[in-house]
Amino acid sequence: MAIKIGRNDPCWCGSGRKYKACHAAFDEKIAQFAAQGHKVPTREIIKTPEQIAKIKESAKINIAVLDYIEEHIHAGMNTAEIDKIVYDMTTKMGGIPAPLNYQGYPYSVCTSVNEQVCHGFPSEKVILKEGDIINVDCSTILDGYFSDSSRMFCIGEVSPEKKRLVEVVKECVELGFKEVRPWGFLGDMGQAVHDHAYANGYTVVREIGGHGVGLEFHEDPWVGYHTKRGTDMLLVPGMIFTIEPMVNMGGVEIFVDEENDWEVYTADGKPSAQWEIMVLVTEDGAEVLCW
Ligand code: MF3
Ligand code: CO
């Protein structure tokens, strides 16, 4: 149950100002969108400036780890080595890898190669070879604050088809990000991602989406890419969520490995690619917190 704040009480955002002079008009504006039938964010997923500062510190570790992997990933390396780098670097910087033990996930990072869509298990047996494409998905907890992003890497010379897939998915995320603004809608972003992928002959995975993030690993809203402009959740300053479409070169169908209930593959065995950025909705636009 939400406790109603009096107009002269201190604002919920922690500014120390009276509610009526701080977020009262903001809350009223959200209530008006809700009254028009729009899905709107609850206060729990609107971050305060103090929380945003902490989340940005967490994001710095995520960026540093992915930068390091970008410099050192190579053919002949196995993905268990990537797991070790992520664990060692994250903990050395004072963080905890968020995937480790998350709902039973047994590693510090997800490494998804070629037709693996996501949640690939790092393994000594998965040795990167020339022509592979791999998604490395890193997430950090620092002082209880979460960050989450992933990048694609091409190992040596990659076929033009795979290279184009990787590039187009990056464009999808960039085009989606351009649609993120306060008092816009999540569907503005979703449609931009979707349309660019399908215009290039690709499909976008439906079952797995992005998510709110910051105080928890996965918060509301769920972020899909099969939504339309002007629909889905209203975006307001202080919201933080990921844009992380999984785009398939072939069909949209996927399956989960029954042995471990984690690793996801394309049904047709064709490659899949994903980039993930974590974005903050600001007063006048949006900011990428990690990538
Ligand atoms: N990092 C993934 C995401 O983007 C989450 C993976 S869950 C895990 O949301 F347990 F596999 F880490
Ligand atoms: Co994510």
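Every read-out reported here was derived from the displayed coordinates using simple, explicitly stated rules and does not represent laboratory data. What you see is a predicted model; the values in this text were computed from it and never measured. Note: ideal-geometry Cβ built from the backbone for every residue, glycine included; neighbour counts use all protein chains shown.
Here are the numbers:
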{"item": "Centroid-to-centroid separation of region 34-55 and region 210-243 [C-alpha atoms, Å]", "result": "10"}
{"item": "Spread of Cα-to-Cα distances over 10 Å intervals beginning at zero, given as percent, for region 236-291", "result": "22, 32, 25, 19, 2"}
{"item": "Alpha-carbon gyration tensor eigenvalues x 5, square-rooted, for region 79-153, Å", "result": "22, 12, 11"}
{"item": "Debye intensity ratio I(q)/I(0), log10, region 124-187, q values 0.13, 0.25, 0.27 Å⁻¹ (C-alpha model)", "result": "-0.56, -1.06, -1.11"}
{"item": "Cα-based helix-to-principal-axis angle, 24-35 vs the chain, degrees rounded to 10", "result": "70"}
{"item": "Region 197-237: GluC sites (Glu not before Pro) in DSSP coil with no more than 12 other Cβ atoms inside 10 Å", "result": "Glu207"}
{"item": "Relative contact order (%) - region 75-116, alpha-carbon pairs under 8 angstrom, separation at least six", "result": "32"}
{"item": "Normalised per residue, the volume of the convex hull around the Cα set of region 135-226 (Å³)", "result": "109"}
{"item": "Sequence-separation-based contact order of the chain, relative, with Cα cut under 8 Å and 6+ spacing, percent", "result": "19"}
{"item": "Area projected by the alpha carbon convex hull of the chain, averaged over all directions, nm²", "result": "15.5"}
{"item": "Check: region 82-177 dipole with +1 on Lys, Arg Cβ and -1 on Asp, Glu Cβ, in debye", "result": "100"}
{"item": "Out-of-range pairs (alpha-carbon distance over 24 Å; input Lys39/Lys178; Lys60/Lys170; Lys84/Lys162; Lys84/Lys163; Lys18/Lys47)", "result": "Lys84/Lys162; Lys84/Lys163"}
{"item": "Region 170-291, relative contact order [Cα under 8 Å, separation at least 6], %", "result": "28"}
{"item": "Electrostatic dipole magnitude of the chain [Cβ: Lys, Arg +1; Asp, Glu -1; Cα centre; debye, to 20]", "result": "1300"}
{"item": "Angle in degrees between helix 186-199 and the longest Cα principal axis of the chain, rounded to the nearest 10", "result": "30"}
{"item": "Residue of Ala53, Ala34, Ala199 that the Gaussian network model of the chain assigns the largest fluctuation, springs spanning Cα pairs under 10 Å", "result": "Ala199"}
{"item": "Dipole in debye (nearest 20) - region 168-291, about Cα centre, beta carbon charges: Lys, Arg +1; Asp, Glu -1", "result": "580"}
